[in-house]
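J.: A single structure is presented below for examination.
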Ligand code: HEM
Ligand code: SF4
Ligand code: FES
């Protein structure tokens with residue numbers, strides 16, 4: 001197959017970026033999108049040009065490192081799935097494909113298609129953990145968890161932290177990510193001791209990073225490769241209201 | 001939270017106001033006595049007006065601030081393709097601001113009555129009440145006025161087709177199964193509101209509702 005790429009090239013955040021056209025001829029339909037970029041890069045290197053910088057790691061949809069906005073959609077046109085799980089057969093022969101990085105104000109630009117998503121890590125550092133004594137694993141049946149809660153917690157835990165939700169959001173909001181992290185622990189008994197501080201701290205960390213506010217457009221849910229449901233955002237709103245109330249009441 | 005709560009108050013007002021206005025189809029007796037009852041509330045009517053005014057001001061204040069913050073937070077793509085977000089949800093500020101302009105005009109038109117000189121010629125009805133019925137009919141006989149009302153109601157319905165279900169999510173009052181159903185109900189309610197309000201100017205223009213007195 002043959003494609004025409006329009007790729008965002010920008011050396012650093014100090015310089016102006018622009019979309020540059022590249023031809024990508026002779027691509028097998030079973031090439032993944034990232035492999036296609038590898039092929040384009042090899043050809044660029046052969047010609048002595050600077051290869052296109054982009055992020056990836058596992059290339060099987062579990063690490064959340066790949067972060068491309070393809071034809072205006074975070075992770076490209078095939079939902080649910082990360083950009084690394086996208087194959088060229090999904091496109092039509094001769095198509096022009098635009099590739100941009102994940103954009104949201106808190107994602108600081110690094111180079112070409114690479115942005116720093118450390119803002120998401122700092123939200124997790126603000127409360128996305130439990131303070132428990134580490135050591136040998138406890139007996140599995142010592143803390144019973146209802147099936148429904150366990151299922152919802154697992155669903156929320158599927159978030160791979162890619163940031164597509166914030167990149168796709170017209171408000172640059174990271175509510176889906178944060179709601180997944182907060183809900184995951186709120187559904188489990190192990191998460192309960194820090195339930196109030198977690199909800200409050202993670203939400204204020206999210207605001208401090210400069211993420212926007214959710215207006216319920218559900219773009220996030222539509223692009224999420226882990227199929228995190230926007231109903232977790234309602235859960236986060238409940239958790240936050242509950243925590244604010246509990247804090248007002250004191251201990 | 002505040003946007004959602006004030007939004008709910010406004011939605012309830014819009015529904016109540018619609019039910020009040022639809023009494024025009026029941027004849028002058030109904031709507032004129034309804035209007036008289038409202039006026040008889042005296043101080044309480046002012047309390048309701050004040051309450052609505054505060055709700056509107058808070059709603060606008062927080063949404064404008066929200067819109068600015070969100071505009072700043074989003075990434076500036078060269079190319080962007082909405083996947084799921086509805087047209088309504090992406091144009092809340094636009095529809096809201098035009099509704100605001102409409103509210104000003106509407107109050108000047110029917111509450112303060114400064115835009116239409118003919119309203120001053122209206123006589124009291126046989127029971128010596130203000131003839132709200134004829135005022136509405138004469139008001140809507142003007143095609144341009146009616147057109148603006150219909151346009152504003154269209155934008156209101158657009159605003160509410162997102163807002164009337166969106167607040168459940170903001171307040172956390174839903175779950176995975178309920179959300180799509182609420183979204184559907186919200187859209188239906190919004191368009192019923194549109195049909196309800198629009199029916200009045202349309203009926204007047206078609207001559208189905210005639211003034212109760214000649215000027
Ligand atoms: C007067 C001018 C108005 C302005 C400038 C305005 C603006 C907005 C904006 C920008 C949003 C927000 C967020 C989003 O993008 O989803 C919003 C939400 C909303 N608006 Fe308005 N609006 C106005 C009037 C009204 C009226 C008259 C009603 C009701 C009849 C209303 C009901 C709602 C509701 C229910 C929401 C959803 C709240 C939520 O999702 O939490 N608005 N408005
Ligand atoms: S919620 Fe989905 S889109 Fe957002 S970071 Fe997690 S996996 Fe990515
Ligand atoms: S590279 Fe790991 S999810 Fe795409």
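The values are calculated or read from the model by the stated rules, or taken from the named source; none is laboratory data. Everything quoted here is computed from the prediction, not taken from an experiment. Cβ atoms come from the backbone with ideal geometry, glycine included; neighbour counts cover every protein chain shown.
J.: Give me the residue from the range A:154-166 that is more than 8 Å from ligand 2 (Cβ to nearest atom) and crowded, with 20+ Cβ neighbours inside 10 Å and, out of that set, nearest to the other protein chains (Cβ to nearest Cβ).
T.: Ranking the qualifying residues of the range A:154-166, first place goes to A:155.
J.: If you don't mind, there's one more thing I want to ask. Any residue at all in the range B:52-60 that's within 14 Å of another protein chain (Cβ to nearest Cβ) and under 30 Å from residue B:186 (Cα atoms)? Quick ask: steps written out before the conclusion?
T.: If we filter the range B:52-60 for residues that are within 14 Å of another protein chain (Cβ to nearest Cβ), which is where we start, we get B:59.
Checking which are under 30 Å from residue B:186 (Cα atoms) leaves us with B:59.
Looking for residues that are within 14 Å of another protein chain (Cβ to nearest Cβ) and under 30 Å from residue B:186 (Cα atoms), one finds at least one in the range B:52-60, hence yes.
J.: State yes or no: is residue A:98 closer than 14 Å to residue A:163 by Cβ and not in a loop (DSSP other than H, G, I, E, B)?
T.: It is false that residue A:98 is closer than 14 Å to residue A:163 by Cβ and not in a loop (DSSP other than H, G, I, E, B).
J.: From B:160, B:178, grab the single residue that is under 21 Å from residue A:215 (Cβ atoms), touching a residue at least 60 places away in the same chain (Cβ under 8 Å) and within 14 Å of another protein chain (Cβ to nearest Cβ).
T.: Of the residues listed, the single one that is under 21 Å from residue A:215 (Cβ atoms), touching a residue at least 60 places away in the same chain (Cβ under 8 Å) and within 14 Å of another protein chain (Cβ to nearest Cβ) is B:160.
J.: Also: For the range A:34-57, name all the residues that are in a loop (DSSP other than H, G, I, E, B) and over 23 Å from residue A:103 (Cβ atoms).
T.: A:47, A:48, A:49 - these are the residues of the range A:34-57 that are in a loop (DSSP other than H, G, I, E, B) and over 23 Å from residue A:103 (Cβ atoms).
J.: Can you find even one residue in the range A:38-45 that is surrounded by fewer than 19 Cβ atoms within 10 Å (Cβ to Cβ) and either within 14 Å of another protein chain (Cβ to nearest Cβ) or closer than 29 Å to residue A:227 by Cα (or both)?
T.: Yes; the residues of the range A:38-45 include at least one that is surrounded by fewer than 19 Cβ atoms within 10 Å (Cβ to Cβ) and either within 14 Å of another protein chain (Cβ to nearest Cβ) or closer than 29 Å to residue A:227 by Cα (or both).
J.: On the given criteria, is residue A:55 modelled with pLDDT of 95 or more and either within 14 Å of ligand 3 (Cβ to nearest atom) or in contact with a helix residue (DSSP H, G or I) (Cβ under 6 Å, 6 or more places away or on another chain) (or both)?
T.: Answer is yes for this residue.
J.: Which count do you get for residues in the range B:107-140 that are assigned to a helix (DSSP H, G or I), surrounded by fewer than 17 Cβ atoms within 10 Å (Cβ to Cβ) and touching a helix residue (DSSP H, G or I) at 6+ places or on another chain (Cβ under 8 Å)?
T.: Total meeting the criteria: 2.
J.: On to the next question. Report, ordered by the first and then the second residue, all pairs with beta carbons closer than 8 Å, sequence separation of six or more or different chains, a first member in the range B:1-27 that is within 14 Å of chain A (Cβ to nearest Cβ), and a second member that is more than 8 Å from ligand 1 (Cβ to nearest atom).
T.: Final answer for the pair search is B:1/A:241; B:2/B:58; B:2/B:62; B:3/B:62.
One line per residue, one yes/no per condition, for (1) more than 16 Å from ligand 1 (Cβ to nearest atom); (2) at positive phi; (3) surrounded by 19 or more Cβ atoms within 10 Å (Cβ to Cβ); (4) at the interface with chain B (Cβ under 7 Å from one of its Cβ atoms):
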{"residue": "A:181", "(1), (2), (3), (4)": "yes, no, yes, no"}
{"residue": "A:190", "(1), (2), (3), (4)": "yes, no, no, no"}
{"residue": "A:194", "(1), (2), (3), (4)": "yes, no, no, no"}
{"residue": "A:198", "(1), (2), (3), (4)": "yes, no, yes, no"}
{"residue": "A:204", "(1), (2), (3), (4)": "yes, no, no, no"}
{"residue": "A:207", "(1), (2), (3), (4)": "yes, no, no, no"}
{"residue": "A:210", "(1), (2), (3), (4)": "yes, yes, no, yes"}
{"residue": "A:218", "(1), (2), (3), (4)": "no, yes, yes, yes"}
{"residue": "A:226", "(1), (2), (3), (4)": "yes, no, yes, no"}
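J.: Something else now. If a residue must be within 14 Å of another protein chain (Cβ to nearest Cβ) and assigned to a loop (DSSP other than H, G, I, E, B), how many such residues does the range A:58-85 contain?
T.: 10
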